[in-house]
Amino acid sequence: MAEQLRGYAPTTTHAEWGAGDPHLLISRHDEDRSVHHLTDLTVTIGSDAGCGLRLEGAAPLHATIVHDERDEFVLTMHAPGMMNANDPDAKDGERVETLRTGARFTIGEWMLVFSRDEYADHGRPYGGREGGEGTHQHRQNERPDYPSTGAIPTHG
């Protein structure tokens, strides 16, 4: 295994659209634990029967996650809850965040953590930081034009 990894040199985080098994790790009180795979273009989260991810104690429509044309997963909170991007200057109280692996947010008593394999996470290229935050990072290639490749489904 180590020999296989020895030749690996990460270069970009622009994989195929939807790659990397994007999912939410969901927990409450260290008792309830589950995984919700993000396979639809839009996932609604709340207590309403029509939500794709139903959570007891949430607002009827508490949050939405949209898989956009840039292959990003964008969280919009419609009701109270903590998130990584608590922007006090948000316009009209809009609370929106592009999710990266490890991004956490809360809905009531529930903790949700976004996860996606590193090779597809569109975050830092070349395997992450090299030598700390102040180190110069090489720019990765431009993001693919996912819509023009026909990679984006028209349902969900």
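Here's the yes/no breakdown for (1) open to solvent by less than 60 Å² (accessible area, probe 1.4 Å); (2) at pLDDT 95 or above:
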{"residue": "P80", "(1), (2)": "no, no"}
{"residue": "M83", "(1), (2)": "yes, no"}
{"residue": "N86", "(1), (2)": "no, no"}
{"residue": "G93", "(1), (2)": "yes, no"}
{"residue": "E97", "(1), (2)": "yes, no"}
{"residue": "I107", "(1), (2)": "yes, yes"}
{"residue": "Y119", "(1), (2)": "no, no"}
{"residue": "G123", "(1), (2)": "yes, no"}
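Identify, by number, the condition in (1) surrounded by 15 or more Cβ atoms within 10 Å (Cβ to Cβ); (2) over 26 Å from S148 (Cβ atoms); (3) touching a residue at least 24 places away in the same chain (Cβ under 8 Å) that L41 doesn't meet.
Among (1) surrounded by 15 or more Cβ atoms within 10 Å (Cβ to Cβ); (2) over 26 Å from S148 (Cβ atoms); (3) touching a residue at least 24 places away in the same chain (Cβ under 8 Å), L41 violates only (2).
If you take the residues of the stretch 18-33 that are open to solvent by 40 Å² or more (accessible area, probe 1.4 Å) and under 16 Å from the mean Cα position of the chain (by Cα), which of them is modelled with the lowest pLDDT?
In this case the residue turns out to be D21.
Search the stretch 13-37 for residues that are in contact (Cβ under 8 Å) with a residue 60 or more places away in the chain and assigned to a strand (DSSP E or B) and pair each with any residue that is open to solvent by less than 20 Å² (accessible area, probe 1.4 Å) and among the basic types (K, R) when their beta-carbon atoms are under 8 Å apart and the residues are at least 6 apart or on different chains.
Pairs found: H23/R116.
Kindly indicate whether T64 is modelled with pLDDT of 95 or more, open to solvent by less than 40 Å² (accessible area, probe 1.4 Å) and of a type outside the set (D, E, K, R).
Yes; evaluated as a whole, the condition is true for this residue.
The values are calculated or read from the model by the stated rules, or taken from the named source; none is laboratory data. On a predicted model such as this, the values are computed, not experimentally measured, just so you know. All Cβ positions, even for glycine, are placed from backbone atoms using ideal geometry, and neighbour counts span all protein chains on display. Accessible surface areas use protein heavy atoms only, side chains included; no ligands, DNA or RNA. Shrake-Rupley method; radii C 1.70, N 1.55, O 1.52, S 1.80 Å.
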